[in-house]
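The block underneath contains the structure these notes are about, expressed in structure tokens.
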Amino acid sequence: MNTTLLEQLKSFGVVPVVVLEHVQDAAPLAKALEEGGLPVAEVTFRTKAARESISAMKQACPDMLVGAGTILKVSQVDEAINAGAQFIVTPAFDAEITKYCLEHNIPILPGTSTPTDVQAAYKLGVDVVKFFPAEQAGGLAMIKAIAAPYNMMTFMPTGGIGPKNMKDYLAYEKILCVGGSWMVKKEWIEQRDFAKIAEETKKAVALLKEVR
Ligand code: 3PG
């Protein structure tokens with residue numbers, strides 16, 4: 001992955017994982033994240049509004065780093081990139097999607113949860129992977145065990161991460177950044193409580209500063 005993007009992800013430390021049902025929520029959400037001090041998001045392709053939401057976020061906050069998550073097929077890579085996504089995240093390891101991104105110079109964090117997945121990523125020349133679902137798949141202890149043989153790899157764990165455990169992950173040198181939805185909860189988006197999202201984002205940034 002290119003060094004600028006790596007450095008950006010590392011300096012943010014936390015990547016909000018966003019699920020947007022309605023495109024009209026995208027711009028205020030982006031502004032709330034920016035106000036909270038985390039101008040970065042992984043917008044998941046779990047909803048029909050994902051593609052347009054990425055465009056709307058980039059339009060509202062041009063300097064924000066916006067990636068696309070839950071990419072399950074190659075065609076979604078182009079959809080996401082055309083909408084303005086700057087990186088791709090997959091929940092599971094998919095060799096076809098990963099190769100496609102590498103061949104087209106598109107930054108990708110392929111999903112892994114086992115040494116087998118990490119080996120498959122390594123084989124394609126990838127050195128940054130998502131680790132998902134982090135807590136359920138063995139958490140930090142599992143990442144540390146995998147990182148022993150795969151010491152060239154860095155990880156973006158997501159799944160079950162929040163204020164209680166984010167610092168433990170971030171204190172480990174092989175963690176590039178953590179991802180999670182705790183500061184962009186579904187109910188706050190539904191209630192259009194963007195002030196709450198900005199507030200919770202600020203709390204995440206404050207925790208981050210304790211460890212990085
Ligand atoms: C993801 O896709 O990375 C996860 O859904 C985020 O996990 P969380 O909702 O437990 O933070």
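The values are calculated or read from the model by the stated rules, or taken from the named source; none is laboratory data. Quantities reported herein were computed from a predicted structural model and do not represent experimental measurements. Cβ atoms come from the backbone with ideal geometry, glycine included; neighbour counts cover every protein chain shown. With ligands, DNA and RNA removed, areas are computed over all heavy atoms of the protein, side chains included. Shrake-Rupley method; radii C 1.70, N 1.55, O 1.52, S 1.80 Å.
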Only one of (1) in a loop (DSSP other than H, G, I, E, B); (2) of a type in the set (A, V, I, L, M, F, W, C); (3) open to solvent by less than 30 Å² (accessible area, probe 1.4 Å) is not met by residue 156, so which one is it? (1)
I'm checking my understanding of the structure. Among residues of region 30-45 that are more than 18 Å from residue 195 (Cα to Cα) and open to solvent by less than 10 Å² (accessible area, probe 1.4 Å), which one is nearest to the chain's Cα centre (by Cα)? 42
Is one or more of the residues making up region 121-135 basic (Lys, Arg), open to solvent by 40 Å² or more (accessible area, probe 1.4 Å) and within 13 Å of the ligand (Cβ to nearest atom)? no
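Yes/no matrix, rows are residues, columns are (1) part of a helix (DSSP H, G or I); (2) over 17 Å from the mean Cα position of the chain (by Cα); (3) within 20 Å of residue 91 (Cα to Cα); (4) within 15 Å of the ligand (Cβ to nearest atom):
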position	(1), (2), (3), (4)
20	no, no, yes, yes
28	yes, yes, no, no
47	no, no, yes, yes
51	yes, no, yes, no
59	yes, yes, no, no
For the structure I just gave you, tell me whether residue 91 is modelled with pLDDT of 95 or more, within 15 Å of the ligand (Cβ to nearest atom) and in a loop (DSSP other than H, G, I, E, B). yes
Flagged pairs (Cβ under 7 angstrom, 6 or more apart or on separate chains; first in region 128-140, touching a residue at least 12 places away in the same chain (Cβ under 8 Å); second more than 8 Å from the ligand (Cβ to nearest atom) and among the charged types (D, E, K, R)) are 140/168
